1. Keeping all protein chains in the complex and leaving out DNA, RNA and ligands, what accessible area do you get for ILE28 with a 1.4 Å probe, in Å² to the nearest 10?
2. Considering amide H positions built from the backbone, and no H for Pro or chain starts, which residues 5 or more places from ALA189, or on another chain, come under 5 Å of its amide H?
3. Tally up the carbon and sulfur contribution to the accessible surface of region 17-82 as a whole percent, 1.4 Å probe, everything protein left in place.
4. At 25 °C and 0.890 mPa s, grab the translational diffusion coefficient of region 50-119 from Stokes-Einstein with a Kirkwood Rh over Cα pairs, rounded to a whole number in µm² per second.
5. Heavy atoms only, probe 1.4 angstrom, no DNA, RNA or ligands counted: give me TRP196, TRP39 ranked by accessible area, highest first.
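The values are calculated or read from the model by the stated rules, or taken from the named source; none is laboratory data. Since the model is a prediction, treat every value here as computed from it, not as a measurement. Note: accessible area is taken over every heavy atom of the protein model, side chains too, but ligands, DNA and RNA are not part of it. Shrake-Rupley method; radii C 1.70, N 1.55, O 1.52, S 1.80 Å.
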Amino acid sequence: MGGTEAIRSGTDGRGGLGNVLSGIVVAIGFALFLGGFVWGAFVYRPYTVPTDSMMPTVRPGDRVLAQRIDGGEVRRGDVVIFTDSMWSDLPMVKRVVGVGGDTVKCCGAGGELTVNGTPLDESYADTSRPDSGLAMPPGQAPPPGTPFEVTVPEENLFLLGDRRAASLDSRAHLQEAGQGTVPRSAVSARVDALAWPSVTMLERPRTYAALPGGISGHGPLRLQMTAVVAGAALVVLGAAYGPLVRILGRGRRERAGAS
């Protein structure tokens, strides 16, 4: 009977130490959980894609998480959010195809887009032509495969939508200053992941990896999510310690009483 009383009162030291450790685990869990959320809110911004110009990569109404970055961090292949008064007063989302000094040309011998003479394997893009096969009216996207050649000014970016037949992008501004390019400073964020309706990291196209500067890496989103999940697990485990000890103690007392 004395052993049972010791467990219940914690006079053998184990109960008191367990409660202290449980409290520490819960505190660490809360720190990780809240820290992950705060860190994520500081680094990322949510954005809802309003149009189908980035299909099939991103669909209308999809919720994405975009990492807040400086325009100098942008690499070819990145899907970025930018605002340029020549295009629109609203934030837009497009893919970076060329950076300062690049020559972007349509089309190569096989009908593909080329950067500095290197054909791009754009498996991520929808390059099908409109059903009519005719040139689009003013204010609409030019048909895929429309010939152009642009040398991107330094500190500028050439941007295209992944759904080429439905994207008002750099091709629609070729006659303007900069031949449809936008300054790096117009970029406010880089899309790192889809958040809704599915949770998926946005992969960087490998076709750009061999070009000078390579491709960008992912932001700290995976680490932040790990911190949140680990924190939640620690809180649950720490909070469960007390009830678990009481259940075990009750079972021991019942066995002791039965004997």
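1. Its heavy atoms expose roughly 90 Å² to the probe.
2. Result for ALA189 returns ILE69, ILE81.
3. Carbon-and-sulfur percentage of accessible area, whole number: 70.
4. Approximately 175 µm²/s, per Stokes-Einstein.
5. So the residues, ranked largest to smallest area, are TRP196, TRP39.
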